[in-house]
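A short write-up of the structure that comes next.
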Amino acid sequence: MDQIKKIKSTLFILLLTLVAPGISTAGIVILNGLTHENEAQSGETYRGTIQLQNTGGKSKDVRVYIRDYWYSFDGTSKHDPAGTLKRSNGKWINANPELLTLGAGEIATVDYEVKVPAADSLKGTYWSVIMVEGITPPDTSNYSSGVTINTAIRYAIQIVTNIGNSGKEDLNFIGLQLDTTSTNKLLNVFIENTGERVLKPELSIELFDESGKSSGIIKADRRKTYPGTSIAIELDLKGIPPGKYTGVLVADCDEEHIFGTNMTLEI
């Protein structure tokens, strides 16, 4: 019988973390926010910094690189090479350093510069992400059979450039889904940004029963959606009794941009 070769596999899991600043999973934390939004005009240059800290007890290598970022209401997302998306500003960004080593407890800074092209055609919002990824080398100290798991955490810091106040703001309600399987009744509202600027809608609904009585206004926290992306927002219908309702669904983006639609709903 041939000798069976025992192979040890090392599995790397890359977890894209969109957690709040200061929350750590593997030693590296971002100290000054996961979204950096600025206003600039064509031909202008602006600069910023990303502050990170190694909260672990050992030194940590970190890699910095740029990717595009797109997401959908169905939970899918993509991080394509910089410049893939039509509204990417990834090619405008230079980040330095691209590799760094942080000692235990050390705080470091990644500087970035955004050079907006001098093009009159630019309008609205452009964005990409600077990825900050802890490098976890494979553990080859033990060659026994089995599988070991090394977890590398990466943060996506969104770099957003708004070209002045230019660009159309528009959105579309693309679907509704009533979820009654959970303890609370949840209305999932799917919204697509069909404009040219980033939107941060505050969603609300007012339901009226068959007698015309209002059940009050239910609101959800603001969510961000870039042009060409879509999001799902949950409205908690806890306390709304079963029945047939008409309603008014409103997405309030700012004082000048409020979008609404009428709807019917049976709970």
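Each reported figure results from applying straightforward, stated rules to the coordinates on display, with no laboratory input. Note that the structure is a prediction, hence the values are computed from the model and not measured. Cβ atoms come from the backbone with ideal geometry, glycine included; neighbour counts cover every protein chain shown.
Short-range pairs are left out: with C-alpha atoms under 8 Å and at least six residues apart, the relative contact order of region 171-266 is 28 percent.
If the reach is capped at under 21 angstrom between alpha carbons, list the lysines near Lys238, excluding any in the same chain fewer than eight residues apart. Within the straight-line limit of under 21 Å, Lys238 reaches these lysines: Lys185, Lys213, Lys219.
In straight-distance terms, cross-link reach from Lys123 covers every one of the lysines whose alpha-carbon lies under 22 Å from its own, apart from those fewer than eight places away in the same chain; here that gives Lys86, Lys91, Lys115, Lys168, Lys200, Lys224. Sorted ascending by nearby beta carbons within 10 Å, beginning with the fewest, Tyr71, Tyr245 become Tyr71, Tyr245.
Within the shell defined by Cβ-Cβ distances under 15 Å, the residues around Lys219 carry a net charge of -2, with Lys and Arg each +1 and Asp and Glu each -1.
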